[in-house]
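The values are calculated or read from the model by the stated rules, or taken from the named source; none is laboratory data. Computed from a prediction, not measured in an experiment: that's the story for all the values here. Cβ placement follows ideal geometry from the backbone for every residue including glycine, while neighbour counts extend to all protein chains displayed. Protein only, heavy atoms only, side chains kept; ligands, DNA and RNA dropped before computing areas. Shrake-Rupley method; radii C 1.70, N 1.55, O 1.52, S 1.80 Å.
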Amino acid sequence: MVEVLDTEEKCRIYLEKLRWNDEPVCPHCGSVNKNHYRLNFKGVHKGLYKCKDCKNRFTVTVGTMFEGSHIKLKKWFMAIYLFSAHKKGISSSQLHRDLGVTQKTAWFMLSRIRYSFRAKTMMKFDDVTQVDETFIGGKNMKKPKERRVKNTQGRSTKTKTVVFGLLSNGIVTTEIIPNTKGKTLKAVIKDMVKEGSIIVSDGWVGYSGLSKDYIHKRIPHNKGQFVEGEFHTNAIEGFWSLLKRGILGIYHSTSPKHLQKYCDEFSYRYNTRNLSDGDRFNIALLNATDRLTYDELIA
């Protein structure tokens, strides 16, 4: 990628080819036309078009995360490639050194990329679905004594954030939830899993009653059982392990406010793990259709 996309012009042409396939699409009115006006600057075309129908001007970056950015496409492409290729992600402190930008800029770039990977449509699993919950944060033992919170052991949510996960056919999705009560867990499952499907969970009491609408397979881990025939929760627990190692080793900590974005990031890489780095990079560019402003990010 570094050798082929080594100039802004090549990056722009590559993005146009990927998004438009030689038929420019006006982001203002949706008109698709090979003959949109190509506007030149001093006799050179630099990617500016004028719509034949609504007469508005546009470039390939309008309506994407790159719109209005002063960062060159070459650096954006490198950031997206590193972000999607590194199994555990890349920190803003590392990215700012790699790209030659400030740490604040690198953090904003990574936040925009994560935002583009969020789930835009509600999935509905209809096969064997593993469900499980995990707790992120709350390492009291590493805090000064005066800052430690009492009674945070186990499933306490005083200093920890609950993440609920569902995995089916190698595809995982996550959602931040306020607690692990049965009412909360079942509401998410009802929205995400088709009735009559097989649900595999551990022995947590919050999953009681699922057998009314689903075929519920419980694996009581507290009794030393982790597999029942072909049913287990090993896959979703493996994803939790990857998520926690990434947060601890690369990002060190995440705030509850931004945690969902990090979960979406790891879900994206997990769900595309069988693709090549090049294919994952192309998918990332195609998904870059939403723009997160800095004011929205820090609100």
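Give the residue, chosen from S111, S93, that is open to solvent by less than 30 Å² (accessible area, probe 1.4 Å) and in a helix (DSSP H, G or I). From the options S111, S93, the qualifying one is S111. Scanning segment 5-32 for residues that are under 16 Å from A79 (Cα atoms) and outside any helix (DSSP H, G or I) returns L5, D6, T7. Note on segment 284-299: residues that are open to solvent by less than 50 Å² (accessible area, probe 1.4 Å) and not in a helix (DSSP H, G or I) amount to 4. S255 passes every criterion in (1) over 17 Å from the mean Cα position of the chain (by Cα); (2) closer than 30 Å to S93 by Cβ; (3) small (G, A, S) apart from (1). For segment 186-218, the candidate set comprises residues that are assigned to a helix (DSSP H, G or I), among the basic types (K, R) and closer than 13 Å to L166 by Cα; within that set, the residue that is most open to solvent (accessible area, probe 1.4 Å) is K190. When segment 270-283 is limited to residues that are under 22 Å from N169 (Cβ atoms) and of a type outside the set (S, T, Y), the one that is surrounded by the most Cβ atoms within 10 Å (Cβ to Cβ) turns out to be R280.
For segment 144-172, the tally of residues that are under 12 Å from T129 (Cβ atoms) and in contact with a Cys (Cβ under 9 Å, 6 or more places away or on another chain) stands at 1.
Look at segment 122-140: where a residue is within 21 Å of W204 (Cα to Cα) and open to solvent by less than 70 Å² (accessible area, probe 1.4 Å) and a partner is among the acidic types (D, E) and at pLDDT 90 or above, sitting 6+ places away or on another chain with Cβ atoms under 9 Å, you get V128/E230; Q130/E237; V131/D202; D132/D202; D132/E237; T134/E237. When you scan segment 132-139, do you find a residue that is out of contact with any strand residue (DSSP E or B) (no Cβ under 9 Å at 6 or more places or on another chain) and either assigned to a helix (DSSP H, G or I) or at positive phi (or both), even just one? Within segment 132-139, none of the residues are out of contact with any strand residue (DSSP E or B) (no Cβ under 9 Å at 6 or more places or on another chain) and either assigned to a helix (DSSP H, G or I) or at positive phi (or both). When the residues of segment 155-169 are filtered to those that are under 20 Å from F239 (Cα atoms) and open to solvent by 20 Å² or more (accessible area, probe 1.4 Å), the one that is farthest from the chain's Cα centre (by Cα) is R155. Please tell me if K183 is loosely packed, with under 13 Cβ neighbours inside 10 Å, among the basic types (K, R) and modelled with pLDDT of 95 or more. Considered against the rule, which asks whether it is loosely packed, with under 13 Cβ neighbours inside 10 Å, among the basic types (K, R) and modelled with pLDDT of 95 or more, K183 comes out as yes. Taken over segment 219-237, the criterion of being under 18 Å from L167 (Cβ atoms), open to solvent by 40 Å² or more (accessible area, probe 1.4 Å) and assigned to a helix (DSSP H, G or I) is satisfied by H221, N234, E237.
For every residue, the table says whether it meets (1) more than 22 Å from T61 (Cβ to Cβ); (2) modelled with pLDDT of 90 or more; (3) among the basic types (K, R).
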{"residue": "I247", "(1), (2), (3)": "yes, yes, no"}
{"residue": "I250", "(1), (2), (3)": "yes, yes, no"}
{"residue": "Q260", "(1), (2), (3)": "yes, yes, no"}
{"residue": "Y268", "(1), (2), (3)": "no, yes, no"}
{"residue": "R273", "(1), (2), (3)": "yes, yes, yes"}
{"residue": "G278", "(1), (2), (3)": "no, yes, no"}
{"residue": "N282", "(1), (2), (3)": "no, yes, no"}
{"residue": "T293", "(1), (2), (3)": "no, no, no"}
{"residue": "E296", "(1), (2), (3)": "no, no, no"}
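Screening F66, F77, F58 for residues that are in contact with a strand residue (DSSP E or B) (Cβ under 6 Å, 6 or more places away or on another chain) and crowded, with 18+ Cβ neighbours inside 10 Å leaves exactly one candidate, F58.
The lone criterion from (1) at pLDDT below 95; (2) more than 23 Å from the chain's Cα centre (by Cα); (3) more than 30 Å from I247 (Cβ to Cβ) left unmet by G63 is number (2). Of all residues in segment 164-179, exactly one satisfies the criterion of being outside any strand (DSSP E or B), among the polar types (S, T, N, Q) and under 18 Å from Y207 (Cβ atoms), namely N179. Within segment 244-261, the presence of a residue that is assigned to a helix (DSSP H, G or I), surrounded by 19 or more Cβ atoms within 10 Å (Cβ to Cβ), free of Cβ contacts under 8 Å to residues at least 40 places away in the same chain and of a type in the set (A, V, I, L, M) is excluded. The residues in segment 208-236 that are closer than 17 Å to G182 by Cβ and of a type in the set (D, E) can be counted, and the count is 1.
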